[in-house]
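Note sheet for the following structure.
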Amino acid sequence: MTLNRIFLLILLLATLVAFGACTGSKEVSKSKTSALPVLSIRSGSADELLKRNVDELLVAQLYIDASKAKMLEDFAQAVEMYKKVLQLDPYNDAAQYELAVMYFESGQYEVSRQYITAAVVNDSINFIANSLKKQQDKDSLDVAKNLNSKIKETAALYKSNKWYLVMKADVMAYIGAYDEASATFAKLLNDHPDEVDYYFDWAYVLSRKGDFKGAINVYHKAESIIGIDENLIMQKQRLYIEAGMITEAAAEIQRLIDSDPSDMRFYQMQAELYQATEQPDKAIEIYKGMLAKDPNNAFALLSIAELYRYKGDRQNYIGYLKEAFKNPDLNIDSKIRVIYPYLLDSSGEGKKEEAFSLAQIVIEAHPNEAKAHAIYGDLLYQDEQSEEALLQYRQALQLDNSVYQVWQQAFFILSELQRYEELEKMTADALELFPSQPIIYFFNGVANNQLNQYLKAVEILNVGKVLVIDNQPLKVQFYSSLGDAYNNLGKFADSDKAFDEALKLDSKNTYVLNNYSYYLSLRAADLEKAKKMALLANTLEPENGSFQDTYAWVLYRAGEYEEARKWMEKALKTSGEDSGVLLEHYGDILYKLGETGKALEYWQKAMGKDDTTELLPKKIADKKLYE
């Protein structure tokens with residue numbers, strides 16, 4: 001086998017192994033690498049290589065064995081065998097290339113750089129030496145007599161190994177040696193000018209070193225080969241922007257527009273460039289040009305609206321925004337993103353009206369979209385139009401019942417409106433869809449409590465509280481509601497236990513403190529504890545008439561009538577004389593203080609109002625206190 005054939009075999013194997021073998025992570029011994037003598041990574045000269053004597057068959061076999069080890073992912077063995085190749089043939093560029101690849105992939109970039117640099121040099125010298133040797137064998141000439149001229153002639157025929165140069169450029173770019181990486185790409189594309197992809201890599205390297213104009217010139221060269229290309233022009237535009245050359249950047253997009261005036265994307269790109277560079281008037285002009293070609297272009301309408309908002313022109317902003325919202329082709333999520341900030345802040349002249357107008361347009365454009373009704377419901381609820389909001393939420397749920405947040409909003413409204421029968425039914429329906437959502441159990445329990453269905457309330461609340469995770473306030477509400485239900489069932493021990501559990505979680509929860517103390521006072525149980533809890537509730541929330549009434553009633557049940565009178569008068573001053581229970585309680589206190597005439601007056605005031613006891617008519621009729 002001749003030297004030339006052996007060399008071609010080796011080069012072929014190098015290419016196959018380098019680009020067809022495993023691409024996984026490679027582990028190469030760093031200790032062996034660090035001990036590697038620099039002289040083993042050698043670059044030769046043509047006359048030296050011409051005279052060398054190498055066991056070519058042994059080198060070829062070692063190379064093949066090394067490549068097999070690499071394919072089997074035995075990288076340590078592959079490295080050792082490639083090094084043995086270099087011991088026999090120190091200028092073997094194929095082995096140097098393989099080692100460069102393996103060391104790079106193992107993160108040993110400096111060693112990789114040394115090997116690939118040597119491979120690139122030795123590739124050219126090996127080409128010259130082998131060509132001269134072949135010429136010498138063929139012509140039986142003494143090449144050495146005219147060595148210099150023969151070298152120059154042969155070198156002119158040399159074409160660099162593309163893969164070696166690509167590897168070298170990659171290594172140099174990775175370690176930040178951008179000048180050397182750029183020079184390598186220049187050599188690569190000089191020898192292989194049709195490899196267009198590498199122009200993009202070359203330009204990237206130049207842009208990394210901050211040479212934007214140089215990178216642009218490289219793209220110009222690529223464009224001279226492939227013609228107008230959208231990706232290439234976008235890269236040039238980006239570089240012009242980086243270089244602060246906005247006019248040139250816009251001109252590049254104009255070239256795309258000129259190449260295909262029907263493609264709206266190019267106009268959009270140009271407008272966005274002007275937007276990004278704070279030239280809103282130019283951007284508006286471009287978008288209006290788009291509308292001249294396509295009057296229903298929702299993106300252009302929305303973009304013009306945003307630009308007018310940026311300019312502070314609210315009238316034009318809302319005008320174009322409404323036109324965009326009327327277009328059903330504009331994604332509903334884009335419209336909701338515009339409306340949502342109104343929920344966060346609708347203050348300011350005309351903003352609430354804008355929000356409602358836009359939301360109504362969304363419903364007209366998307367009548368069968370649950371989101372349209374849900375966002376309108378949110379606006380109505382924020383505006384305290386609870387009944388109307390509930391209608392929108394119900395409509396949203398008819399269209400799509402899979403959105404839990406809409407159900408939850410409806411629960412809150414039904415609870416606030418005290419429509420407990422509807423709340424009980426709606427939460428029961430929701431549990432079929434969302435059996436793991438604890439707040440549904442809570443509202444169902446509240447509804448059953450209010451409907452005097454206490455056993456059902458206890459059952460559902462006990463199931464739901466187990467589902468509460470990392471939500472202490474909700475768990476407190478579960479225990480508080482259980483305390484209410486158990487109290488109404490006459491299970492006072494269970495009621496007290498539930499309230500105590502709530503206070504363990506939140507010892508300053510005023511509503512738990514108030515209700516617990518009131519229930520204790522009703523049955524005259526543990527009145528000292530009730531007094532402490534009721535007083536604490538009033539300390540924490542001093543202007544609450546209901547809390548003041550509770551403390552007054554606890555004092556009354558404890559026989560402290562004068563103190564009870566003071567607190568009941570505070571309650572009446574805070575809440576007014578609209579509450580039947582406050583008026584009746586005050587009458588009871590006055591009676592205990594011996595003011596029977598005044599007591600009768602307040603009982604009569606309480607008559608006909610809500611929350612009075614069944615004994616009130618008898619108290620009035622007999623002018624006597626009954627408890």
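The values are calculated or read from the model by the stated rules, or taken from the named source; none is laboratory data. What you see is a predicted model; the values in this text were computed from it and never measured. Glycine gets a Cβ as well: all are built from the backbone with ideal geometry, and neighbour counts include every protein chain shown. Just the protein is used for accessible areas: all its heavy atoms, side chains included, with ligands, DNA and RNA removed. Shrake-Rupley method; radii C 1.70, N 1.55, O 1.52, S 1.80 Å.
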Practice prompt. Which order do the peptides 325-334, 293-302 take when ranked by the mean count of other beta-carbon atoms within 10 Å per residue, highest first?
Written response: 293-302, 325-334
Worksheet item: In degrees from 0 to 90, rounded to the nearest 10, what is the angle of the helix 438-450 Cα long axis to the longest principal axis of the chain?
Response: 10
Response to the item:
Per residue convex hull volume, Cα only, region 214-364, in Å³ is 122
Worksheet item: Hey, what's the Kirkwood Rh for the chain if you take every pair of different alpha carbons, in angstrom?
Response: 33.9
Discussion item. With equal scatterers on the alpha carbons only and no solvent term, can you work out the Debye log10 of I(q)/I(0) for region 175-257 at 0.20 1/Å?
Written reply: -0.86
Worksheet item: Normalised by the number of residues in the chain, what is the relative contact order in percent for Cα pairs under 8 Å and 6+ residues apart?
Response: 4
Discussion item. Taking θ = phi - 60°, what integer Hz values does the Karplus form 6.51 cos²θ - 1.76 cosθ + 1.60 yield along region 189-201, in sequence order, with x for Gly and Pro?
Written reply: 7, 5, 7, 10, x, 8, 7, 4, 4, 6, 5, 5, 5
Worksheet, complete the sentence: Note, Glu223: beta-carbon cut-off 11 Å, +1 each Lys/Arg, -1 each Asp/Glu, net +1
Worksheet item: How much length is gained on full extension from Ile363 to Asp400, taking 0.36 nm per residue of separation minus their Cα-Cα distance?
Response: 11.8 nm
Worksheet item: Under unit Cβ charges (Lys, Arg +1; Asp, Glu -1), what dipole magnitude, rounded to 20 debye, does region 290-340 have relative to its Cα centre?
Response: 160
Worksheet item: In percent, how large is the relative contact order of region 219-259, given Cα pairs closer than 8 Å and 6 or more residues apart?
Response: 36
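Give the calculated FRET efficiency between Lys213 and Glu105 to the nearest 0.05, with a Förster radius of 30 Å applied to their Cβ-Cβ distance. Kindly include the intermediate steps, with their values, before the conclusion.
Numbers: r = 34 Å, r/R0 = 1.13.
That pair, Lys213 with Glu105, gives E of 0.30.
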Worksheet item: Relative to a virtual label point 7 Å from the Cα of Ser386 in the Cα→beta-carbon direction, which members of region 418-440 show backbone nitrogen distances below 15 Å?
Response: 418-424
Discussion item. What is the distance in Å between the Cα centroid of region 559-627 and that of region 273-333?
Written reply: 67
Discussion item. Place a point 7 Å from the Cα of Lys609 along the Cα-to-Cβ direction; which residues of region 568-595 have their backbone N under 15 Å from it?
Written reply: 568-590
Response to the item:
Per its Cα gyration tensor (rounded if a/c is under 1.5, else prolate when a/b beats b/c, else oblate), region 576-627 is best filed as oblate
Item to complete: Return P(r) of region 416-535 (all Cα-Cα pairs; 5 Å bins starting at 0; whole %; ordered from short to long distances).
Response: 2, 13, 21, 22, 19, 13, 6, 2, 1, 0
Worksheet item: region 568-627: which trypsin sites (Lys or Arg not before Pro) are DSSP loop and have at most 16 other beta-carbon atoms within 10 angstrom?
Response: Lys609, Lys623, Lys624
Worksheet item: Over region 247-316, what is the relative contact order in whole percent, taking alpha-carbon pairs under 8 Å and six or more residues apart?
Response: 21
Worksheet item: Could you give the length gained on full extension between Asp345 and Asp578, defined as 0.36 nm per residue of separation minus the Cα-Cα distance, in nm?
Response: 80.4 nm
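Based on the Cβ-Cβ distance of Phe434 and Asp65, what FRET efficiency does E = 1/(1 + (r/R0)^6) give at R0 = 60 Å, to the nearest 0.05?
Plugging the Cβ-Cβ distance into 1/(1 + (r/R0)^6) gives 0.40.
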Worksheet, complete the sentence: Using alpha-carbon positions, the gyration tensor of region 214-263 gives root eigenvalues a ≥ b ≥ c; with a/c under 1.5 called rounded, otherwise prolate if a/b exceeds b/c, else oblate, the class is oblate
Worksheet item: In the chain, carbon and sulfur make up what percent of the accessible area (probe 1.4 Å)?
Response: 50
Worksheet, complete the sentence: If the chain between Asn296 and His220 were fully extended at 0.36 nm per residue, the gain over the current Cα-Cα distance would be 23.6 nm
Worksheet, complete the sentence: With x for Gly and Pro, the residue-by-residue ³J(HN,Hα) of region 251-261, computed from phi through the Karplus equation 6.51 cos²θ - 1.76 cosθ + 1.60 at θ = phi - 60° and given in whole Hz, is 5, 5, 5, 4, 4, 5, 4, 5, 6, 8, x
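Report the per residue volume, in Å³, of the convex hull enclosing the C-alpha atoms of region 502-619.
Given the Cα convex hull of region 502-619, per-residue volume reads 95 Å³.
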Item to complete: Please get the size of the charge dipole for region 470-627, origin at its Cα centre, with Cβ charges of +1 on Lys and Arg and -1 on Asp and Glu, quoted in debye to the nearest 20.
Response: 300
Worksheet item: Which value, to two decimals, describes the C-alpha radius of gyration of region 510-562 once divided by 2.2 N^0.38 Å?
Response: 0.96
Worksheet item: Which whole-Hz ³J(HN,Hα) couplings does region 174-181 yield from phi under the Karplus relation 6.51 cos²θ - 1.76 cosθ + 1.60, θ = phi - 60°, glycine and proline marked x?
Response: 5, 8, x, 8, 5, 4, 5, 4
Worksheet item: Once both axes come from the Cα atoms, what is the angle between helix 420-433 and the longest principal axis of the chain, in degrees from 0 to 90, rounded to 10?
Response: 30
Worksheet item: Are there GluC sites (Glu not before Pro) in region 371-455 that DSSP marks as loop and that have at most 10 other Cβ atoms within 10 Å, and which are they?
Response: Glu384
Response to the item:
Computed over the chain, protein heavy atoms only, probe 1.4 angstrom, the accessible area per residue in square angstrom equals 50
